[in-house]
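Quick notes on the structure that follows.
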Amino acid sequence: MRWHGRRVQVYAYTRPTDMRKGFDGLCALVTQGLHRDPLGGDIFIFVSRDRIRAKTLQWDGTGLCLYAKRLERGRFAPLWREEHADPITLTISELDLFLDGSTLVGRVALTPPAITQFSLAADHDS
């Protein structure tokens, strides 16, 4: 997914979140907990303690978008980490899998690393 010519990043908030929080409360978690700009166009994921509910927050260029989902069966993958750990980053494909209820997201790399010119040149020299 691209937004205004740049690649969108997906960040997971790594603590259980009170799903009563709306735009302002989630923006505060992005700013204070993830140290990111909620108006930068990236996608931020929040999961309830029971992992049945999740929300995503994204600035689309004209306003904040809030997407909420409740699983009818199963639970979302636990995205919790140590209190001062770096945020989990996901690809758009991993975000889709997460919202579909995949329990592997955040635990196992589901997408191969991006290929860069440097890695292609290194492989070619071997």
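For this structure, a couple of remarks:
- Remark: the range 17-56 carries a charge dipole of roughly 220 debye about the Cα centre, counting +1 on each Lys and Arg Cβ and -1 on each Asp and Glu Cβ.
- Measuring r between the beta carbons of Arg36 and Glu72 and using R0 = 22 Å, the FRET efficiency lands at 0.10.
- Taking the inverse of the mean 1/r over every pair of distinct Cα atoms in the range 16-85 gives a Kirkwood hydrodynamic radius of 12.6 Å.
- Solvent accessible area, Å² - Tyr11, 1.4 Å probe, full protein context: 20
- FRET efficiency for the Thr103 to Thr62 pair, using the beta carbon distance and R₀ = 25 Å, is estimated at 0.10.
The values are calculated or read from the model by the stated rules, or taken from the named source; none is laboratory data. Just so it is clear, the model here is predicted, and its values are computed rather than measured. Cβ sites come from the backbone with ideal geometry, for glycine too, and all protein chains shown count toward neighbours. To get the accessible areas, we keep the full protein, side chains included, count just its heavy atoms, and leave off ligands, DNA and RNA. Shrake-Rupley method; radii C 1.70, N 1.55, O 1.52, S 1.80 Å.
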